[in-house]
1. Give me the strands (runs of 3 or more DSSP E) completely within segment 94-146, filtered to those with at least 2 residues that are free of Cβ contacts under 8 Å to residues at least 60 places away in the same chain, open to solvent by less than 60 Å² (accessible area, probe 1.4 Å) and at negative phi, ordered by residue number.
2. Open to solvent by 90 Å² or more (accessible area, probe 1.4 Å) and either modelled with pLDDT under 95 or within 14 Å of GLU144 (Cα to Cα) (or both): is that true of ILE62 in this structure?
3. What single numbered condition from (1) closer than 28 Å to PHE21 by Cβ; (2) at pLDDT below 90 fails to hold for GLU99?
4. As an exercise: evaluate PRO52 against (1) over 19 Å from PRO110 (Cα atoms); (2) at pLDDT below 90; (3) open to solvent by less than 80 Å² (accessible area, probe 1.4 Å) and give the number of the one condition it does not meet.
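The values are calculated or read from the model by the stated rules, or taken from the named source; none is laboratory data. Everything numeric here is computed off the predicted structure, so don't read it as measured data. Reconstructed Cβ throughout: ideal geometry from the backbone, glycine too, with neighbour counts over all protein chains shown. SASA here: full protein model, heavy atoms, side chains in, ligands and nucleic acids out. Shrake-Rupley method; radii C 1.70, N 1.55, O 1.52, S 1.80 Å.
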Amino acid sequence: MKKITIILFAGLLLLSSMKSFEPDMWALFSKTKFVEKLNDEFGMYFLYPKFPEELKEFEGKIVTVSGFYIPLDMNASNIAVLSKFPMAECFFCGGAGPESIVVGYLKANPKRKIKTDEIVKVRGKLKLNENDIDELNFILQDAEIILD
């Protein structure tokens, strides 16, 4: 009986160690440094990202980000914006920085209406944007919303 217990315990340890590792994308995004540079087209200074190498390793890979849903005027579209913080504290409305928001371009519209500040997960292929000021810095392409 003691051998069976030891074997079962060892099997459980092995199975638990095989669990897939999901990186904390917000922690990686927060390591991005931003540098103010003059944009010749607009004649204004903008913040441009300098992505850390450990984040660049995830570019082109499927990642999952969990955050607060921020609605846009185009709520019925296939775009999902997530914030690390609730809307009152997000980059657009509060004092957070550009490292605290991500946009997901969804393969399909959400199956239901998502409420402001509802916590959702978005999974997609990570694209890092260094230069396009009309786009967010962290983009999930071919994304899907994972509703629990």
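1. Where strands (runs of 3 or more DSSP E) fall fully within segment 94-146 and carry at least 2 residues being free of Cβ contacts under 8 Å to residues at least 60 places away in the same chain, open to solvent by less than 60 Å² (accessible area, probe 1.4 Å) and at negative phi, they are 101-106, 119-128.
2. For ILE62, the condition - open to solvent by 90 Å² or more (accessible area, probe 1.4 Å) and either modelled with pLDDT under 95 or within 14 Å of GLU144 (Cα to Cα) (or both) - is met.
3. Only one criterion is unmet by GLU99, namely (2).
4. If we test PRO52 against (1) over 19 Å from PRO110 (Cα atoms); (2) at pLDDT below 90; (3) open to solvent by less than 80 Å² (accessible area, probe 1.4 Å), just (2) comes out false.
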